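The next block holds one structure in the form of structure tokens; read it before the comments.
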Amino acid sequence: MATLESFYDVMRRQGISRRNFLKFCSLTAASLGLGPEFAPTIAHAMENKPRVPVLWLHGLECTCCSESFIRSAHPLVKDVVLSMISLDYDDTIMAAAGEQAEAIVTEIVENYKGQYILAVEGNPPLNEDGMFCIIGGKPFTEQLKYAASNAKAIISWGSCASWGCVQAAKPNPTQATPVHKVILDKPIIKVPGCPPIAEVMTGVITYMLTFDKLPELDAQGRPKMFYSQRIHDKCYRRPHFDAGQFVEAFDDEGARKGYCLYKVGCKGPTTYNACSTVRWNDGVSFPIQAGHGCIGCSEEGHWDKGPFYERLQTLHQFGVEQNADQVGVAAAGVVGTAIAAHAGLSALKRAMTKPGQTQAGQPASGDQH
């Protein structure tokens, strides 16, 4: 069987010093949200484990996941592709084409059984025997099933592979189907988003290579490290939501003041992703920060859940946050109650103050000798 270099072997061959290698391990631990004590664990894994072969397939999609992936800054995608993994097939960025390219899939499937990761961007259409997406003269469904046959695990990149996305929106004439409904016998990690955040994509790969296991997944198969909290929970506009301060229409006074976008359709309260913490473009911004509400692109069936600019009517599943109107009324009520209580207490203190004394019980300034 063919052998693969370790990550450390590749870095040494590229002239990277031991000191810089250890710095890389420390930065990788930080990017995964791990403490500095995990840096030696990462270093040991990089020194001893071979680079993992990766097949990256493309079904029905717009390539936005690849566009996001190549813009990762922590770690840089060049470090992931050239050093950490052995990206053997990706028809978007590979130099090979035609029969030469398709032969690589066969080589990896047959020579690295149980060792390679299958990454899938897009989804297979099942209608008309899969003829809506042809790869190498065959339906994509056939390529997907064959590539998955000996895979160690599968990563479903983006909402297309994870949920079906716009291709599977009603009426779904091609019967576009998410990967997990076609491949039933392999562990699948869903990394939804349209596209997913670049650092989330590289973070998932880095975790799998470092610890040689799948990240902990939620009930829907998403990595908890990135999909355990709603965007609403860490949104910097959350204080405005709690205070009942909302944008009522785009470019109104509330919009210019940066108020909460809930009333103009923001789906942050029902969307699980790391947008409000990891953010985009090397951590610079995310859609809500740019003035546009979240459309819930990482959630299943978001295309069929009504207009993007239609507000969520109720949020009963989140306890006290029932809806925007009640939050605003409650906030105003609390403020009003506090003012009334303060006024009542002040009146009581005045009534209890003896003539010639201040409220603190001291003689008035005019009575001091």
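None of the figures in this text is laboratory data; all of them are computed from the coordinates on show. For clarity, every value in this text was computed on a predicted model and none was experimentally measured.
Observations on the structure shown:
- Rg to Rh, two decimals, where region 7-226 supplies the alpha carbon set and Rh follows Kirkwood: 0.97
- Of LYS186/LYS213; LYS113/LYS213; LYS23/LYS190; LYS170/LYS305; LYS145/LYS305, pairs whose Cα-Cα distance is over 20 Å: LYS23/LYS190; LYS145/LYS305
- Under 5 Å, built H, 5+ apart or other chain: amide partners of ALA176: LEU126
- Amide H contacts of LYS267 (H built 1.01 Å from N, under 5 Å, at least 5 apart or other chain): CYS294, ILE295, GLY296
- Karplus (6.51, -1.76, 1.60) ³J(HN,Hα), θ = phi - 60°, over region 253-258, in Hz, Gly and Pro reported as x: 4, x, 5, 5, 8, x
- Taking amide hydrogens as placed 1.01 Å from N in the peptide plane, the amide H of ILE155 sits under 5 Å from those of LEU118, ALA119, VAL120, ILE189, each at least 5 positions away in sequence or on another chain.
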